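Below: one structure, written as structure tokens.
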Amino acid sequence: MQRFGMLRWLMLLAFSAACISNTVQIITFAPIATDVQRFYHVSSDLADSLTSCNMIVYVLFVFPAAFFLEKFGLSVGVIAATLLTCVGSWMRISGGASDGFQSLLTGQIIQSIANVVFMNAPAALSAAYFPQHERNLATSIASMSNAVGSGIGLGVSPMLISPTNSSSSSLPLLPDFQRLVSMQALAATALCSFTLATFCITSAFSVERTPEEMNEMVVVKRGEEGLYHLFTEMKDCISSFNFLVLFVVFSLGFGVFNAISTLIGDLMHPAGYTDDQAGLLGTFILIGGVCGSAAIGSYLDRSKRLRETMQRMLTVSVFTIILLCYVFLSPSHGDIFLSAVGFMAGFFLVPLLPIGLELGAECSFPTSEALSSSLLVLGGQVCGVLLIAGMEYLAGNYACREGYSLLPDPTIPCHFPSCLQCVNSTWIYGTVLEPTRDASYSLALMVGVLIASCCVSWSFKGEYLRMQAEDQLDADLLKQRSDAVASTRARRGERHGEDEICVPLLTDVAS
């Protein structure tokens, strides 16, 4: 691994750049869901599908992506995902008009297909290019690229949709989605160009190791040659009790994170928060996650205590998420309070992603890192979809507090977002019409899922099989070198003895 030198950090930077540009575009509509509804005249479910489609796409493409990475290698997989990111970015351009929702959703689906590779690759990237004492930090940086992209998307997208004039002066100003998708497409193209150049050059000059080289320890461990079939490795994972326990823990915890990221706007608006405040909270959740991942990754590289760290951080996360629920249910707080709560929640919850991926690689060894990561993230995405559906069901539908709508018929109950006055809390005949929604049961469900994840985590007793195999391999190599040195010295000693015997004999002959 050392043969890569500083190039391994450049490749990690290039991977992170493409991953960030991809995640920014996937999450960008989460804090502005109400703007999506009234601009495109769609229901809340369709507006949320721009973000939640990522989880559904992951379930469908997780195993093809894992097979693709094992078959063609990491560089080819990252190049393909980067190209899909560019294609999806420009597909969304035609969705900037009010009648372009289908094009926008198509672009989001293409982005989501690329995201499958980016989600599966962090553990494989660190295993391919980084030594053991840097691997946890590398996995944290690679996996946190998703978090950084989510934070940027949550914070920037509300600021980029400046309102434009609507067709009627009596109606509220509409957001400018064309500017939003255009600026994101240009930024994504620049970042992806850097990633493509880096990985294409490394592939052209055969800098990346082949899949066989990446699985050298697997061959040593099992005593066979070549890569193992995808379903054989999957069977090995499923047959491991500790991996199944980790699968449940990771799925529930990651599902909670997906639910918060997707529904953050819907959860905050009923309490009186604005899109900007929803974006601010989401941004600081991810900022806290990045800081926590960097700190925890460095600590784990020194201590190697992955299991204990996961259990303790999950316990603390329960209390921080309860505090976050208090924010969702209480009237509007100041930006400083929102930032502090978001930072604390992210600091303890988000680092569980790289910790879980590394634990999965350890306890499922010699299964490939890409497959173990795929299975864990698959569980998280499925749990996220189910949790979001359950929270939406428990929260109920939007409705006017006054119980009626002026559009299109005052006698018909309001079906949000057709009531544009509701969306903007416009004064109509001296009465403020606001959308109301009870999120208390939804939040209780989310907290209950996280508590279940925390309780199950304390039954996890997985061993660090990959570390043990690496240590054993290093010990064997050291023994081989010691034996070779001893053998060389022995041969030199025999030759020296022969020389000492030959000298008297030659003297006798001469005399």
- Item | Single residue of Asp266, Asp301 found to be at pLDDT below 85, among the acidic types (Asp, Glu) and farther than 22 Å from Pro31 by Cα | Asp301
- Message: Taking the condition of being within 18 Å of Pro351 (Cα to Cα) and assigned to a helix (DSSP H, G or I), how many residues in region 256-312 meet it?
- Response: 36
- Query: Applying the selection to region 40-96, what residues are open to solvent by less than 10 Å² (accessible area, probe 1.4 Å) and at positive phi?
  - Reply: Gly73
- Residues located in region 283-296, provided they are touching a Ser or Thr at 6+ places or on another chain (Cβ under 7 Å) and surrounded by 24 or more Cβ atoms within 10 Å (Cβ to Cβ): Phe284, Leu286, Ser293, Ile296
- Would region 11-24 turn up any residue that is farther than 12 Å from Met119 by Cα and surrounded by fewer than 17 Cβ atoms within 10 Å (Cβ to Cβ)? yes
- Message: Given the criteria crowded, with 17+ Cβ neighbours inside 10 Å and either modelled with pLDDT under 80 or out of contact with any Pro (no Cβ under 8 Å at 6 or more places or on another chain) (or both), does Pro175 qualify?
- Response: yes
- Message: Tell me whether region 327-340 contains one or more residues that are within 21 Å of Ala294 (Cβ to Cβ) and either touching a residue at least 24 places away in the same chain (Cβ under 8 Å) or open to solvent by 20 Å² or more (accessible area, probe 1.4 Å) (or both).
- Response: yes
- Query: Do we find that Phe343 is in contact (Cβ under 8 Å) with a residue 40 or more places away in the chain and surrounded by 23 or more Cβ atoms within 10 Å (Cβ to Cβ) in this structure?
  - Reply: no
- Message: Phe328 - would you say it is modelled with pLDDT under 85, over 12 Å from Pro354 (Cβ atoms) and among the aromatic types (Phe, Trp, Tyr)?
- Response: yes
- Which condition number in (1) crowded, with 20+ Cβ neighbours inside 10 Å; (2) at pLDDT 90 or above is the one that Thr106 fails? (1)
- Please find, among Glu392, Glu362, Glu358, the residue that is of a type in the set (Asp, Glu) and under 15 Å from the mean Cα position of the chain (by Cα). Glu358
- Message: If I go through region 43-58 residue by residue, how many of them are of a type in the set (Val, Ile, Thr) and in contact with a helix residue (DSSP H, G or I) (Cβ under 6 Å, 6 or more places away or on another chain)?
- Response: 2
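Can you tell me which residues in region 371-386 are among the aliphatic types (A, V, I, L, M) and open to solvent by less than 10 Å² (accessible area, probe 1.4 Å)? It would help to see each step written out before you state the result.
Here is the first cut: in region 371-386, the ones among the aliphatic types (A, V, I, L, M) are 371, 375-378, 382, 385-386.
Of everything in region 371-386, those that are among the aliphatic types (A, V, I, L, M) and open to solvent by less than 10 Å² (accessible area, probe 1.4 Å) turn out to be Leu371, Leu376, Val377.
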- Pick from Phe254, Phe231, Phe247: which is in contact (Cβ under 8 Å) with a residue 24 or more places away in the chain and either more than 20 Å from the chain's Cα centre (by Cα) or closer than 30 Å to Leu329 by Cβ (or both)? Phe254
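The values are calculated or read from the model by the stated rules, or taken from the named source; none is laboratory data. Small disclaimer: the values here were computed from a predicted structure and weren't measured. Don't worry about glycine lacking a Cβ; one is built from the backbone with ideal geometry, like all the others, and counts go over all protein chains shown. Just the protein is used for accessible areas: all its heavy atoms, side chains included, with ligands, DNA and RNA removed. Shrake-Rupley method; radii C 1.70, N 1.55, O 1.52, S 1.80 Å.
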